[in-house]
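Each reported figure results from applying straightforward, stated rules to the coordinates on display, with no laboratory input. Everything numeric in this text was worked out from a predicted model, so none of it was measured. No Cβ is skipped: glycine too gets one built from the backbone with ideal geometry, and neighbour counts run over all protein chains shown.
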Amino acid sequence: MENKFNLTREQNVFIAKRNIVDYIWKSANLEGIGVTYPETQVIYDGGIVNGLTVNNIVAINNLKYAWEFILENNELVTDYKVLTYLHKLTCDKLVLNDDLGKLRTTPVNIGGTSWTPIIPIESQIKEELEELLDQKEKTKTEIAIEIMLWIMRRQMFIDGNKRVAMLLANKIMIDNGCGIITIANELQKEFYEKLIKFYETGDNMTLKQWIYDNCIDGIEL
């Protein structure tokens, strides 16, 4: 699985900033946050949108702050600390303070399947993340996709797992000039169908290839 794009970090950051509202809008829609693109743009610009819930507005602003954190901190190594901090940013004011940046300690159910994820243990999460990051035989693009899917299936947080998964994956992509992972709204139904199968089987190959083929944005220079 080769890198589709070979950009500098600066070029990748430029692309991300140019399309940031679109990426935030699609990521929000992926988790059922019902906002339109124009509404997302207004919220991103600090404007007021009538008719939206407070939680939806907070969720968009949180994604904005999380993206800014990724784009403005090129010196940060991707690790467990960054993973949990991204959860704090994305879920601030949306979950209890005691749950921000903390692994969940209660069971959760997944819509669309009877499969249930196990309770995460911090030492195991750290070890699994380190192993995924240290796959020297794989490209950064493949590693980023695998880590994204691992976070989604692990369901390590009480909420916001898909948002955090995509943010951490895109930190890896951007830091290495590999483009941006973004799932278009018209592809989200198919994505969920494949995600449920991945949840149930633990086999990421089909979904990983599908994301590689359909969900990486960038520019050929």
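With the chain treated as a Gaussian network of Cα nodes joined by springs under 10 Å, which of Val58, Val77, Val164 yields the largest mean-square fluctuation?
Val77
Candidates [x] 111; [y] 124; [z] 142; which is the computed volume of the Cα convex hull per residue in Å³?
It is the value labelled [y].
Run the dipole for the chain about the Cα centre, Lys and Arg Cβ at +1, Asp and Glu Cβ at -1, nothing else charged, and hand back the magnitude in debye, nearest 20. Before the final figure, lay out the partial values.
On the way: 24 positive and 32 negative charges, 63 e Å.
Dipole about the Cα centre, nearest 20: 300 debye.
If you add up the charges near Leu129, with Lys and Arg at +1 and Asp and Glu at -1, over every other residue whose beta carbon is less than 10 angstrom from its beta carbon, what do you get?
Working: positive: Lys126, Arg154; negative: Asp79, Glu127, Glu128, Glu130, Glu131, Asp134.
Once all neighbours under 10 Å are counted, the net charge is -4.
Given the options Leu30, Leu89, Leu129, state which has the largest fluctuation in a GNM of the chain using a 10 Å cut-off (strictly under) for Cα springs.
Ranking Leu30, Leu89, Leu129 by mean-square fluctuation puts Leu129 first.
Between Leu63, Leu195, Leu76, which gets the highest mean-square fluctuation from a Gaussian network model of the chain, Cα cutoff 10 Å?
Result for the chain, Cα springs under 10 Å: Leu76 fluctuates most.
Take peptides 206-215, 169-178 and line them up by average Cβ neighbours within 10 Å, highest first, as a rough protection proxy. Intermediate values should be presented prior to the final figure.
Details: 206-215: 16.2, 169-178: 23.8.
Highest to lowest by the protection proxy: 169-178, 206-215.
Which entries of Lys81/Lys189; Lys126/Lys171; Lys26/Lys208 show an alpha-carbon separation above 23 angstrom in the structure shown? Walk me through the intermediate numbers first.
Working: Lys81/Lys189 32 Å; Lys126/Lys171 17 Å; Lys26/Lys208 19 Å.
Among Lys81/Lys189; Lys126/Lys171; Lys26/Lys208, the Cα-Cα distance tops 23 Å for Lys81/Lys189.
Could you please report the charge total around Asn73, scoring K, R as +1 and D, E as -1 over all other residues with beta-carbon less than 11 angstrom from its beta-carbon? Each step should come with its number before you reach the end.
On the way: positive: Lys171; negative: Glu68, Glu72, Glu75, Asp175.
Neighbour charge sum, excluding Asn73 itself: -3.
How far is the Cα center of the stretch 167-198 from the Cα center of the stretch 1-44, in Å?
Result: 11 Å between the Cα centres.
Considering only Ser123, Asn214, Ala66, whose Cα is most displaced toward the positive end of the charge dipole of the chain, charges sitting on Cβ of Lys, Arg (+1) and Asp, Glu (-1)?
Ala66
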